[in-house]
1. Lys and Arg at +1, Asp and Glu at -1: add these up for the other residues within a Cβ distance under 10 Å of SER76 and post the number.
2. So which trypsin sites (Lys or Arg not before Pro) in the range 71-106 are both in a DSSP loop and have at most 10 other Cβ atoms within 10 Å of their Cβ?
3. Where both residues lie in the range 34-160, what percent of DSSP beta bridges are antiparallel, nearest 5?
4. Using all Cα-Cα distances in the range 193-267, what percent lands in each 5 angstrom bin from 0 up to the longest?
5. State the volume of the convex hull built on the alpha-carbon positions of the range 51-210, expressed per residue in Å³ and rounded to an integer.
6. Which net charge results for the neighbourhood of PHE67, defined as the other residues with beta-carbon distances under 15 angstrom from its beta-carbon, given Lys and Arg at +1 and Asp and Glu at -1?
7. Compactness ratio of the range 264-304: Cα Rg over 2.2 N^0.38 Å, N = residue count?
8. I'd like to compare 290-303, 137-150, 243-256: which one has the highest average count of other Cβ atoms within 10 Å, and what's the full order after that?
Amino acid sequence: MTTEMQEIAITEEKPLLTGQAESKDVELAARILLDQGQEHSIETPHGVLHVTLHGTRTTRRPAILTFHDAGLDSKSCFSPLFKFEEMQEIVKNFTVIHVDAPGQEEGAAAYPSGYQYPTMDIIADMLPSVLQFFNFRTVIGVGVGVGAYILSKFALANPDSVEGLVLVNIDTNARGWIDWAAQKLVSVTSSLTEQIMSHLFSQEELSATTELVKFHRERISKASNLVNIELFWKTYNSRRDLNIDRNSTFKCPVMLVVGDQAPYEEAAVECNSKMDPTTTSFLKMADAGGLPQLTQPAKLTEAFKYFIQGMGYMASSCMTRLSRSRTTSLSSSYSMDGSRSRSRTLSQGSQGGQVPPSSSQTMEVSC
């Protein structure tokens with residue numbers, strides 16, 4: 001009898017331990033995939049792209065596809081934002097795909113002398129291969145600076161593949177002769193690191209020499225792939241005009257984001273004036289410099305939630321910081337009957353409860 005009881009105990013105990021181990025393994029694997037991501041080298045018709053996927057490959061919703069700025073890679077440009085506590089509600093509901101421009105990923109080998117770096121158009125043409133690799137039909141693009149320009153090219157060429165765009169520090173214009181001459185002069189008198197720092201940060205931020213500025217200056221100056229960064233930077237400075245106007249613009253909702261102290265504030269404002277006001281939101285962040293996704297992650301996360309809700313996703317998402325802020329104001333203008341327009345200002349009280357702005361209005365938000 002004793003022997004039988006021992007055998008029964010052993011029989012019952014083994015599945016329990018195995019199940020616990022499997023459960024822990026699955027949980028650990030999911031956590032690693034969410035935190036560290038799964039890295040891929042994706043072959044495209046124009047070369048290889050380094051891509052990091054966070055989350056599961058569920059295709060029920062569009063993926064969030066990001067593209068970084070010059071002097072940055074996907075980690076340094078987006079990790080603080082997507083690891084931000086209040087962003088986790090979005091991260092858990094969407095697959096996030098971080099794309100690195102050719103040779104810009106951390107630890108990338110330096111290109112040999114004379115290497116012909118792909119143009120902005122070619123890099124944008126590489127992105128459909130990323131969607132095909134992960135079997136995603138559509139994406140919501142999030143781009144900063146150069147990344148915003150590349151995603152804009154991609155969206156204009158592939159309107160059916162993009163459900164929404166968040167463009168931070170967008171400059172749709174090609175460099176004119178005066179800008180070209182000024183850049184040539186700067187390239188003679190300033191190092192590559194300082195050129196890129198002036199692109200990423202406002203003069204106020206550079207003068208204040210914040211910890212963020214110090215960190216990125218040292219990171220860029222000591223980068224093992226500095227020659228690749230220079231090629232990417234020069235290619236961006238040779239970009240063409242996007243030729244956007246009210247009659248020829250994006251076919252999806254767009255949120256333009258810029259800090260009120262950012263180097264590209266005027267360029268973002270000009271871009272907003274060219275956009276379709278029925279599908280464009282303009283977010284202007286008070287007391288924000290050149291990288292609001294790093295310095296103002298809470299405000300950008302909240303705005304991103306509103307944007308996604310306007311697209312019909314995460315309808316039950318809980319608004320937090322912006323909805324409780326007494327100082328936040330939304331001023332929106334929109335066209336009525338095709339010719340008349342009016343504007344109004346909405347102040348959000350501490351109780352919140354505001355209905356998220358729809359994508360049929362152009363908003364300017366100072367927060």
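Read the figures in this text as sums done on the coordinates, not as results from a lab. All values derive from a computational prediction rather than experimental measurement. With ideal geometry, Cβ positions are generated from the backbone for all residues, glycine too; neighbour counts draw on all protein chains shown.
1. -1
2. Sites meeting the loop and neighbour criteria: LYS92.
3. Of the beta bridges lying entirely in the range 34-160, close to 55 percent run antiparallel.
4. 3, 12, 17, 18, 19, 15, 9, 6, 1, 0
5. 146
6. With Lys, Arg at +1 and Asp, Glu at -1, the net is -4.
7. In units of the globular-protein estimate, the range 264-304 measures up at 1.24.
8. 137-150, 290-303, 243-256
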